[in-house]
1. Could you list, in sequence order, all residues of the stretch A:302-324 that are within 21 Å of residue A:270 (Cα to Cα) and modelled with pLDDT under 85?
2. Restricting attention to the stretch B:255-281, report how many residues are under 18 Å from residue B:28 (Cα atoms) and touching a residue at least 40 places away in the same chain (Cβ under 8 Å).
3. Checking residue A:174 against (1) in a loop (DSSP other than H, G, I, E, B); (2) buried (at least 24 other Cβ atoms within 10 Å of the Cβ): exactly one of these is not met. Which one?
4. Let me spell it out: the conditions are (1) more than 9 Å from every other protein chain (Cβ to nearest Cβ); (2) touching a residue at least 12 places away in the same chain (Cβ under 8 Å); (3) under 26 Å from residue A:318 (Cα atoms), and residue A:115 meets all of them except one. Which number is the exception?
5. Regarding the stretch B:98-110, can at least one residue be identified that is away from chain A (no Cβ under 14 Å), within 18 Å of the chain's Cα centre (by Cα), at pLDDT 85 or above and surrounded by 21 or more Cβ atoms within 10 Å (Cβ to Cβ)?
6. Residues to consider are A:139, A:156, A:165; find the one that is modelled with pLDDT of 90 or more, assigned to a helix (DSSP H, G or I) and at negative phi.
7. Take the residues of the stretch A:28-67 that are touching a residue at least 24 places away in the same chain (Cβ under 8 Å) and not in a helix (DSSP H, G or I): which is farthest from residue A:92 (Cα to Cα)?
8. Please tell me if residue B:155 is more than 7 Å from chain A (Cβ to nearest Cβ), within 28 Å of residue B:42 (Cβ to Cβ), at pLDDT below 80 and surrounded by fewer than 21 Cβ atoms within 10 Å (Cβ to Cβ).
């Protein structure tokens, strides 16, 4: 552990310094600009948009790429408008928002726990939100809205429990990870119990929910999620600078004037909210929060938390996975969580091997 | 673990004074007595309460009354609990010594999940139905995941955090796979949702007979390894200087842990935290000598498992909560307590 931490604490030398420029205003403000990261973000946004358009065009009533774009900008025929705007667009928007929230939440968790595996799915947030949702499904046979609220409450309670239990004169990465694993085990035991208590119909519904699905999502799910993301993303980005400092270790960042615990608390609360809201909307879609920040980091080749790139990567990944689950298995056959789970699992193995070689986990 | 055990280890190097050995042996007898009490409770408590006299009658003078039939039903369950509990406790002790990691547990390291995934694959896709058939798949899954986690966690340089993360991440992937199987195959959901939480309720004489040889072999091997594993715990250099054959010990220890977890999981489904908690509790009063930890763990782990099973039957009467759920609910807080108690340097 000690050796691993020292390597983590050493700020990695910025690669390709030539591509980084500083924008300076005459007033003395300056912003560092990483051209590569910017290009990656733009490309990921384009990929997410393209995947969304393809996904909207996919289904029992296929629509061509051009027609979808035309309809989105308000120039399609009434039939296409109904299918696109009322039926398929909300589902895709939920997918984009959930992916973005999971990507950003995952990046924050990994940065705070200083571990590429410290993502919300490993730390038990997904399990906690699932417990909340299953209580609604199994004990109350709740409506979709009640299940959503249950998942949100479950996720927030779990997040608070992990933070408080890991607190001991500050929260350290390793304690956060291990406490999260313990909480996750308890939550999955509760989930297992609820599933055995359920009658068969509720159990089948619960298992589908637990895997994560975008089926049947409409505008009612879009607005709250959009509002939350709209508030939290700017909040997180304004604290990103402090987060970057904390990666150098608590002592160094204290010396540099960062209020470490405050930054960590604000970011953890935001990450928990983002993850819980995403889980409430789509179920605990596995491994997006784990893989998106890692893929983003490899594309930008930048050592920092890569928040914006992770966000875009999460959105692109989830929509692509949803498209793949519909194309490969037919509409409504397999939920998107199965695709992300299988692909994520394979990626995880590869990640474990390479990160181990580099000594980062 | 290693730091706070140093003074005791030093004391241990001299042959233990006879009084100390007597105290430990007496303690072991007390532990066996506790186990007997819990075992009787496990037969007596349930949807239908039995008196101790009825239990005695059912065990030793079976005359086919209603109470005797109940005793027979619960006897299979209790015996399986004894065997599986001992297996989990011993495999936890072996894994903690092997990885020199205080937080090692077959559940946390993903070994149970590996066995579960292999068993579900065998049942769903390969049409294996008998326990004797799929117990081999359980071994295969347990061994494959055990080796993978050990390799990914950093082998010799493994830290508790790395191992736990590698194990949890692989478990998450494997449980995702199990869910996918349950979504695609409704028959599998109907069967698996009870098995995947870890339960003793399906125990029959047949189950016991089928896993008994494996559990006994694993237990004997684990107990025989206590002495060589003591050397492993001292670190590579000291162990080599003492003339221990490290690679052979490691391989045999991995084999013992795999057989014990694999057979236990095949019989009852994945049960977490028993292998973590009991060796920890035992170590606090025996010190670090595995020759004492292992017998104590083998006796006290079934106490925990059967005790949890009894609790599970009492809290949700007339139905029951599966034992794997109770152990996780007890074990999670204990695990968090252990994590909080340790200093960074020790992890």
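The values are calculated or read from the model by the stated rules, or taken from the named source; none is laboratory data. What you are looking at is a predicted structure, and each value in this text was computed from that prediction instead of being measured. Neighbour counts are summed over all protein chains in view; Cβ atoms, including those assigned to glycine, are modelled from backbone coordinates with ideal geometry.
1. Once the filter is applied, which keeps residues that are within 21 Å of residue A:270 (Cα to Cα) and modelled with pLDDT under 85, the stretch A:302-324 yields A:304, A:305, A:306.
2. First, the residues of the stretch B:255-281 that are under 18 Å from residue B:28 (Cα atoms): B:277-281.
Remaining after also requiring touching a residue at least 40 places away in the same chain (Cβ under 8 Å): B:277-280.
Matching residues across the stretch B:255-281 total 4.
3. (1)
4. (1)
5. No, every residue in the stretch B:98-110 fails to be away from chain A (no Cβ under 14 Å), within 18 Å of the chain's Cα centre (by Cα), at pLDDT 85 or above and surrounded by 21 or more Cβ atoms within 10 Å (Cβ to Cβ).
6. On the way: A:139 fails: modelled with pLDDT of 90 or more; A:165 fails: modelled with pLDDT of 90 or more.
Testing whether each residue is modelled with pLDDT of 90 or more, assigned to a helix (DSSP H, G or I) and at negative phi leaves just A:156.
7. Result: A:34.
8. Details: more than 7 Å from chain A (Cβ to nearest Cβ): yes; within 28 Å of residue B:42 (Cβ to Cβ): no; at pLDDT below 80: yes; surrounded by fewer than 21 Cβ atoms within 10 Å (Cβ to Cβ): yes.
In short, no.
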